[in-house]
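Here the structure comes first, spelled out in structure tokens, and everything after it is commentary.
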Amino acid sequence: MTYCVGLNLQDGLVMLADSRTNAGVDSIATFGKMHLWQQPGERVLSLCTAGNLSLSQSVVSLLNGGFVDHEGREHDLLKAGRMFEAAGIVGAAIREVARRDGEALKQQGIEPNLSMLLGGQILGRPPQLYMLYYAGNFIRATQDTPFLQIGEAKYGKPILDRVIRPDTSLLQAAKCALISMDSTLRSNISVGLPLDLLILRKDEFKPALHRRIDADDPYFNDIRVRWSEGLRSVFATVPDPDWGL
């Protein structure tokens, strides 16, 4: 399992992904789940993946060089004219991999599953963020819901619901995403370090920050300590219930 979160804000995009892959408690490995395509000054696209590792790696391999689907149609992320079209290309790659490998996995007793976050900006268009499903269909983040999550989303969602608004700054959004990830790391062993953090500032068409965060990262460790101590401190100020016990 994994946890990835993307935030589409007025100033740009923030994306964060863990890197743990496991097939049981005695089979744990690290694989980067954030992938980047860029043409400086013209476009920058990032894809985060969750679910079956072999399926996600196959999808990324198709996207890396462009591909022709089984109906003979050409697809190339670097030629998409807008983010909606790019999301359609990723969806086509997912369907192509599902058509090729999905039934074989089911025959081996493995239920295929895959979800992805696609965020980025293409020249002349606004930044956008999409969540894609195994069927290749997708939804887009909006002003009402400016963040999307895949994988083990439930543990990190409360802080996002309370803090994130479209006008949240990129640095505050990155801080919130890291707290969201810390909550997930503490509650689910299938999510683990290191993390990949990406900040894309609007209209720059290159990463403002692309950072690998490991167990020794001083800022992330400071966040973890401060957040835990802060929660305990606030909890202590809440009155006990007056139930006469």
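The values are calculated or read from the model by the stated rules, or taken from the named source; none is laboratory data. Computed from a predicted structure; not experimentally measured. Using ideal geometry, Cβ is built from the backbone for each residue, glycine included, and neighbour counts are taken over all protein chains shown.
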List the residue pairs whose Cβ atoms are under 8 Å apart, where the first residue sits in the stretch 206-234 and is touching a residue at least 40 places away in the same chain (Cβ under 8 Å), the second is assigned to a loop (DSSP other than H, G, I, E, B) and not hydroxyl-bearing (Ser, Thr, Tyr), and the two are 6 or more positions apart or on different chains.
206/40; 206/41
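Would you call residue 28 among the β-branched types (Val, Ile, Thr) and touching a helix residue (DSSP H, G or I) at 6+ places or on another chain (Cβ under 8 Å)?
Working: among the β-branched types (Val, Ile, Thr): yes; touching a helix residue (DSSP H, G or I) at 6+ places or on another chain (Cβ under 8 Å): no.
Answer is no for this residue.
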On the phi > 0 side of the Ramachandran plot and touching a His at 6+ places or on another chain (Cβ under 9 Å) - does that describe any residue in the stretch 90-101?
no
Among the candidates 220, 235, 205, which residue alone is under 30 Å from residue 92 (Cα atoms) and modelled with pLDDT of 95 or more?
205
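Restricting the search to the stretch 193-226, which residues are assigned to a loop (DSSP other than H, G, I, E, B) and of a type in the set (A, V, I, L, M, F, W, C)? I'd like the intermediate steps shown before the answer.
At the first step, the residues of the stretch 193-226 found to be assigned to a loop (DSSP other than H, G, I, E, B) are 193-194, 202-206, 214-217.
Those that are assigned to a loop (DSSP other than H, G, I, E, B) and of a type in the set (A, V, I, L, M, F, W, C): 193, 205, 215.
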The stretch 31-59: number of residues that are part of a helix (DSSP H, G or I) and touching a helix residue (DSSP H, G or I) at 6+ places or on another chain (Cβ under 8 Å):
4
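Condition check ((1) within 21 Å of residue 2 (Cα to Cα); (2) surrounded by fewer than 17 Cβ atoms within 10 Å (Cβ to Cβ); (3) touching an Asp or Glu at 6+ places or on another chain (Cβ under 8 Å)) across all residues:
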{"residue": "141", "(1), (2), (3)": "yes, no, no"}
{"residue": "155", "(1), (2), (3)": "yes, no, no"}
{"residue": "191", "(1), (2), (3)": "yes, no, yes"}
{"residue": "214", "(1), (2), (3)": "yes, yes, no"}
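Could you please let me know if residue 199 is in contact (Cβ under 8 Å) with a residue 24 or more places away in the chain, in contact with a His (Cβ under 9 Å, 6 or more places away or on another chain), buried (at least 20 other Cβ atoms within 10 Å of the Cβ) and β-branched (Val, Ile, Thr)? Explain how you work it out, then say what you get.
Values: in contact (Cβ under 8 Å) with a residue 24 or more places away in the chain: yes; in contact with a His (Cβ under 9 Å, 6 or more places away or on another chain): yes; buried (at least 20 other Cβ atoms within 10 Å of the Cβ): yes; β-branched (Val, Ile, Thr): yes.
For residue 199, the condition - in contact (Cβ under 8 Å) with a residue 24 or more places away in the chain, in contact with a His (Cβ under 9 Å, 6 or more places away or on another chain), buried (at least 20 other Cβ atoms within 10 Å of the Cβ) and β-branched (Val, Ile, Thr) - is met.
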